[in-house]
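For reference, the structure discussed in these notes is given below.
The values are calculated or read from the model by the stated rules, or taken from the named source; none is laboratory data. Predicted model only: the values in this text are computed from it and were never measured. When we count neighbours, we look across all protein chains shown, and the Cβ atoms used for this are built from the backbone with ideal geometry, even at glycine.
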Amino acid sequence: MPIQNSAQLATHRHKVNVIDFIPATLKETKSEGFLIEYHFRNPLTDTMERRRSYVNKIVKAYKRKSDGIRHAQRIVCEINDKLMNGWMPIFKTEDQRLYTPILKVREMYLADKEKSLRHATYIAYSSLTKMFADWIRETKREKLVSGSFLRQQAVAYMDYVLNRGFSNRYYNNNLKAMRTFFAWCVEHCYCNENPFESIKVRPNEDKKRILIDESTRQRVYDYLKENNRQMLVVCKLIYNSAIRPNEAHNIMIRDINLEKRHIVITKESAKNHKERYATLTQDLIDDISKVISGKPADWYLFGGGRSKLMLPSKKQVCGSKFRKIWSDVRVALKLPEEMQLYSYRDTGMVDLFHAGVDELSIQQHFDHSSLAMEAIYTKHFDPKLNERIYQNAPEFCKNK
């Protein structure tokens, strides 16, 4: 319901923010006639600005002066309603967006992206921009509007990320997320330029993973066979089927085809958003057939809930559960920290190379975009490399 007078408006404004604006009023002066005057706070300069609208023509258009004044009073009410809803009278409609609070813009950005991004990607962008939102609040920048977020602010935020001790890879992921966010802001007229565009990425560190040798895999096998058979299946899927941990937790029973010996990794789950078929070994077929027998097709292979056993269920396992269980395994078996769950994928790739499988087949099996990617994932420390070279290196010359 429209606010009828200044007293009601002042009471309402006190509940919101008493310094945002001074309500519009109709005035009659000897020199200028009838005018509407109001003040609003400019969020960029943080000062109150006065605006006047002359309504002499409107008042004089009526035969009775009282009718003209009532018309002008209706305009006053309309202006006050708009001021209460955050209207900025200084700008054109397209410029108004530059004065949208930055946290509000983030909400609109995530709402828009939720419609177009796969769920895992949306969660990642939501998480990275949440750190940005927390920084805005911690540094008392809640009133900062999108149009005034300039390069100095962007540098200050990236310094904040760097000083928290995160890896260069995480720093670069943050930078990429902020570039994407502000590119959306520019596209939708919430700012005029992308303040993160000129900030350089930091050199990525080498992956801190080592291969998991056969004797260690045997120890893990023995341990998980007794304590968590489903986690053993996870390890095998990563090693033998080249399925990423984030892809594994999305596998539904309907994605599994034991007869054709593969699992469909849907485009919604795949890292590169492309559907592929992950090969199943006979060992995995035997393991999986036992746990999915009689289970509905719309259940997840790895179920959620409080139990660590992750048996098939209608509710999928939490994405962090695999890492948590693997961490417990590593502690129990006193394995080095560099032996990560993802190390099974690196190890599986290296072992296929040693088994004589051609590079193109390995590229397709591991869902890599090019053969050049193989070099990145196969340069991990191999504890048996020295012995293998020692035993098989050719002689420099035979005649000594």
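Remarks
- Residues (part of a helix (DSSP H, G or I) and over 33 Å from the mean Cα position of the chain (by Cα)) located in region 277-290: Q282, D283, I285, D286, D287, S289, K290
- Restricting attention to region 216-243, the residues being out of contact with any strand residue (DSSP E or B) (no Cβ under 8 Å at 6 or more places or on another chain) and closer than 25 Å to H365 by Cα number 15.
- Test for V59: is it among the β-branched types (V, I, T), at negative phi, touching a strand residue (DSSP E or B) at 6+ places or on another chain (Cβ under 6 Å) and in contact (Cβ under 8 Å) with a residue 12 or more places away in the chain: yes
- For L301: the one exception among (1) of a type in the set (A, V, I, L, M, F, W, C); (2) over 27 Å from the mean Cα position of the chain (by Cα); (3) modelled with pLDDT of 90 or more: (2)
- Within region 142-150, none of the residues are within 13 Å of the chain's Cα centre (by Cα) and within 20 Å of A183 (Cα to Cα).
- Some residue of region 252-263 being assigned to a helix (DSSP H, G or I), in contact with a strand residue (DSSP E or B) (Cβ under 6 Å, 6 or more places away or on another chain) and not assigned by TED's automatic domain parsing to the domain that holds S148: yes
- Every residue from region 204-244 that is surrounded by fewer than 15 Cβ atoms within 10 Å (Cβ to Cβ) and small (G, A, S): S215
- Exclusive hit being at pLDDT 80 or above, under 46 Å from the mean Cα position of the chain (by Cα) and within 30 Å of R137 (Cβ to Cβ), set L9, L44, L83: L83
- Number of residues in region 353-373 that are modelled with pLDDT of 70 or more and either of a type in the set (A, V, I, L, M) or not assigned by TED's automatic domain parsing to the domain that holds S241 (or both) equals 4.
- Among the residues of region 264-276, not one is of a type in the set (D, E) and assigned to a strand (DSSP E or B).
- In region 320-349, of all residues being part of a helix (DSSP H, G or I) and charged (D, E, K, R), the one that is nearest to R244 (Cα to Cα) corresponds to R345.
- Listed conditions (1) at pLDDT below 95; (2) touching a Phe, Trp or Tyr at 6+ places or on another chain (Cβ under 9 Å) are all met by L333, apart from (1).
- From the options K334, K315, K290, K321, residue that is within 30 Å of I210 (Cα to Cα) and loosely packed, with under 14 Cβ neighbours inside 10 Å: K334
- Residue count for region 41-65, restricted to those that are touching a helix residue (DSSP H, G or I) at 6+ places or on another chain (Cβ under 6 Å) and of a type in the set (F, W, Y): 1.
- Residue within region 304-313 that is in contact with a strand residue (DSSP E or B) (Cβ under 9 Å, 6 or more places away or on another chain), closer than 26 Å to M339 by Cα and not in a loop (DSSP other than H, G, I, E, B) present: no
- Selection of first residues in region 193-212 that are at pLDDT below 85 and of second residues that are not charged (D, E, K, R), restricted to Cβ pairs under 6 Å at least 6 apart or on distinct chains, gives the following pairs, ordered by first then second residue: N204/N168; E205/N168; R209/Q340; R209/S343; R209/H380.
- First in region 141-158 and at positive phi, second anywhere and surrounded by fewer than 17 Cβ atoms within 10 Å (Cβ to Cβ) and not polar (S, T, N, Q), Cβ under 7 Å, 6 or more apart: none
- Top-ranked residue in region 106-154 [being β-branched (V, I, T) and surrounded by fewer than 15 Cβ atoms within 10 Å (Cβ to Cβ); ranked as nearest to A270 (Cα to Cα)]: T121
- Lone qualifier among D328, D346 - being buried (at least 17 other Cβ atoms within 10 Å of the Cβ), among the acidic types (D, E) and at pLDDT 55 or above: D346
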